[in-house]
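What follows is one structure encoded as structure tokens, with my remarks underneath.
The values are calculated or read from the model by the stated rules, or taken from the named source; none is laboratory data. What you see is a predicted model; the values in this text were computed from it and never measured. Here Cβ is always computed from backbone atoms with ideal geometry, including for glycine, and neighbour counts include all displayed protein chains. To get the accessible areas, we keep the full protein, side chains included, count just its heavy atoms, and leave off ligands, DNA and RNA. Shrake-Rupley method; radii C 1.70, N 1.55, O 1.52, S 1.80 Å.
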Amino acid sequence: MNPVRRVIVAEQVLQANDQIAVQNQALLDHYGILAINIMASPGAGKTSLIERTIQALPQRIGVIEGDVASQIDADRVAKAGVPVVQINTGGECHLEAGMVRAALEQLPLAELDLLFIENVGNLICPAGFKLGQHTDILVASVPEGDDKPLKYPGVFTVVSAVVLNKVDLLPHLDFDLAAYRQYVAGLNPQARFIELSCKTGQGLDQWLDWLTTQRQLVRRS
Ligand code: MG
Ligand code: ZN
């Protein structure tokens, strides 16, 4: 195997991905939809945050669920009464723009204001593939430990908000919140840092306020 040729092929794959991502974003813009890519480790609470947001916001929301297998999350979101498409990557540990394009074809775009793209649970490669989203967020959670910004810095640098979920567990776990805030601010001073609990509802108002600001920003542009 020629390692140089393999590198070139990888670049071509990324270029093709980015071209489809540009087309996806143009389609979303045509319909005036704000698309947010949600990244996280497995179990951090991406789907719970989506469910909470659907309950709280009047905007018309659609969801794309990315998982290696199963439609557990899509079934949960469908129960909340919004259009949802499940992508099963069949082993791939991240979503790619072509998968999102196929999902967009199955969503009623004319009826949506906001689209959540729940990426595959993984803190590494989802940050490297453009999908057509307007912004990215990271959902972190207290049980993961406070060292994740140090171990997986890349994903923290590309997001516009870091949502720390499960803060109701802080009294029970050794999680240094002050240090965590400092790590995140050091990696990404622009990122909004939001502490909340999808279980208790604490802090959700901050998330909803931030989200509303994002929508207004897109409308103005
Ligand atoms: Mg999920
Ligand atoms: Zn991957």
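Scanning region 154-182 for residues that are open to solvent by 50 Å² or more (accessible area, probe 1.4 Å) and under 20 Å from the mean Cα position of the chain (by Cα), we see that the one that is nearest to Thr47 (Cα to Cα) is Lys166. Taking the conditions (1) open to solvent by 10 Å² or more (accessible area, probe 1.4 Å); (2) out of contact with any strand residue (DSSP E or B) (no Cβ under 6 Å at 6 or more places or on another chain) in turn, Leu211 satisfies each one other than (1).
Taking the condition over 23 Å from Gly62 (Cβ atoms) and open to solvent by less than 10 Å² (accessible area, probe 1.4 Å), does Pro149 pass? Answer is yes for this residue. Would region 112-120 turn up any residue that is acidic (Asp, Glu) and closer than 26 Å to Leu150 by Cβ? Checked region 112-120: at least one residue is acidic (Asp, Glu) and closer than 26 Å to Leu150 by Cβ.
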